Amino acid sequence: MNPGGENVAVVGAGRMGTSIAYALAAAGHRVEVFDPVEAARAAVPERLAAIEAQLDLAVAVGVHDSLAAAVQRADVVIEAGPERLDAKREIFAELVRDAPVWALLATNTSAIPIAEIAAGLPTGERILGTHFWNPPHLVPLVEVVEAETTGAAAVARMVAFLREAGMRPVHVKADIPGFIGNRLQHAMKREAIALVAAGHCTAEALDEVVRHGFGSRLAAIGPLEQADLGGLELTLAIHQTLMPDLDRTPVPHPLLVEKVERGEVGVAVGRGFRDWAPGEAEEVRERVTRELLRRRASERTSSNDGMGTVDGVGNQKVRSDAQ
Ligand SMILES: NC(=O)c1ccc[n+]([C@@H]2O[C@H](COP(=O)([O-])OP(=O)(O)OC[C@H]3O[C@@H](n4cnc5c(N)ncnc54)[C@H](O)[C@@H]3O)[C@@H](O)[C@H]2O)c1
């Protein structure tokens, strides 16, 4: 990384883009964001101010209505535009044309194969995935996804860049649906829905089991570390009993499909897997943010592993020079 920080462009200034821009600016990089929608650009200073209030650190971010202007000096581009293949293909065609030839071109797609976004473009070796987790200014993991055409040098540069920025990059060696994190989350959700559908427990009870059981130690120990600590004979014995009994529905579970068809889609209507009283969803969101802030603060005081570098940058003046 250049000692003075890299030039970073974030394409798409929505929920993820603004938070990514914050995290990278807070790490000392020069960050320019582009969004074609005026309301989105106008919301950037307000969104940044909300994050700054949470973390007590102001940052400088340039805001542009021209993609070419935002990316013209970029060393690293993170695309966080709409989750539509046509939109992402258009954006990447422009990035290949307008960004410097050395720039890493990354997409924050949740689920679109990176190979489809890069198909037909001439510089596939520098196109890759950077799957940030919501909200990026509080959740450090970034899955760095290598598509078939991605070059090893691009992966190594991106991993080093993110690590220097205080994030936790993980190399995902194949462009697989859901990468790693969402595969794990949805494997658990499949079993969770099946248990509730079978009447073995309520949705509330299921969430209690996760939050106050194994979930409370997951931040400290991953599942494979835990298997090693307990001894793999134990994991094998449990798998011999359990595996034949776990849900293997190869499509979305019928209970999930029925709920969506009935309009029971969650907090927006007051009913999903459970009922939601007015104000309850806000309480849950606040609980999550409080927990993420607590975790971030304790990681920063208790470790010297790079997570502390972000706050070391010091306060910078907010720049919102919409062009
Ligand atoms: N929200 C999440 O939890 C989450 C997590 C990981 C990844 N992602 C992915 O990140 C991306 C952005 O998600 P989000 O939640 O921030 O969405 P969002 O709707 O909040 O933001 C998307 C932004 O893209 C802008 N935009 C529209 N057309 C554009 C164009 N042609 N070029 C550039 N920008 C354009 C929109 O104006 C909007 O501000 C998506 O690909 C999404 O799947 C989201």
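The values are calculated or read from the model by the stated rules, or taken from the named source; none is laboratory data. Keep in mind that this is a model prediction, so the values were computed, not measured. Cβ: placed from backbone, ideal geometry, glycine included. Neighbour counts: every protein chain shown.
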**Q.** Hits in segment 191-216 (condition: under 16 Å from Asp247 (Cα atoms) and in contact with a helix residue (DSSP H, G or I) (Cβ under 9 Å, 6 or more places away or on another chain))
**A.** Ala192, Ile193, Ala194, Leu195, Val196, Ala197, His200, Cys201, Leu206
**Q.** Residues of segment 61-107 classified as loosely packed, with under 15 Cβ neighbours inside 10 Å and of a type in the set (Gly, Ala, Ser), total
**A.** 3
**Q.** Matching residues in segment 122-144 - criterion: being more than 15 Å from the ligand (Cβ to nearest atom) and either surrounded by fewer than 17 Cβ atoms within 10 Å (Cβ to Cβ) or under 26 Å from Glu299 (Cα atoms) (or both)
**A.** Pro122, Glu125
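For (1) among the polar types (S, T, N, Q); (2) within 12 Å of the ligand (Cβ to nearest atom); (3) assigned by TED's automatic domain parsing to the domain that holds Ala43; (4) without any contact (Cβ under 8 Å) to a residue 12 or more places away in the chain, each residue gets a yes or a no:
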| position | (1), (2), (3), (4) |
| --- | --- |
| Ala60 | no, no, yes, no |
| Leu67 | no, yes, yes, no |
| Gln72 | yes, no, yes, no |
| Val76 | no, no, yes, no |
| Ala80 | no, yes, yes, no |
| Ala87 | no, yes, yes, yes |
| Phe92 | no, yes, yes, no |
| Val96 | no, no, yes, no |
| Leu104 | no, no, yes, no |
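Go through segment 120-132 and give me each residue that's more than 20 Å from Ile180 (Cβ to Cβ) and either part of a loop (DSSP other than H, G, I, E, B) or among the hydrophobic types (A, V, I, L, M, F, W, C) (or both).
Gly120, Leu121, Pro122, Thr123
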Q: Those residues that are surrounded by 21 or more Cβ atoms within 10 Å (Cβ to Cβ), within 14 Å of the ligand (Cβ to nearest atom) and over 17 Å from Ala69 (Cβ atoms), I need them from segment 17-51; list them, please.
A: Thr18, Ser19, Ile20, Tyr22, Ala23, Leu48, Ile51
Q) Restricting the first residue to segment 150-165 and requiring it to be in contact (Cβ under 8 Å) with a residue 40 or more places away in the chain and assigned by TED's automatic domain parsing to the domain that holds Ser19, which pairs with a second residue that is in a loop (DSSP other than H, G, I, E, B) and surrounded by 22 or more Cβ atoms within 10 Å (Cβ to Cβ) meet a Cβ separation below 6 Å and a spacing of at least six or different chains? A) Ala165/Ala27
Q. Which residue, of Gly263, Gly270, is at pLDDT 95 or above, farther than 21 Å from Arg183 by Cβ and surrounded by fewer than 12 Cβ atoms within 10 Å (Cβ to Cβ)?
A. Gly263
Q | Residues of segment 107-120 classified as closer than 17 Å to Val76 by Cβ and either away from the ligand (no atom under 12 Å from the Cβ) or touching an Asp or Glu at 6+ places or on another chain (Cβ under 7 Å) (or both), total | A | 5
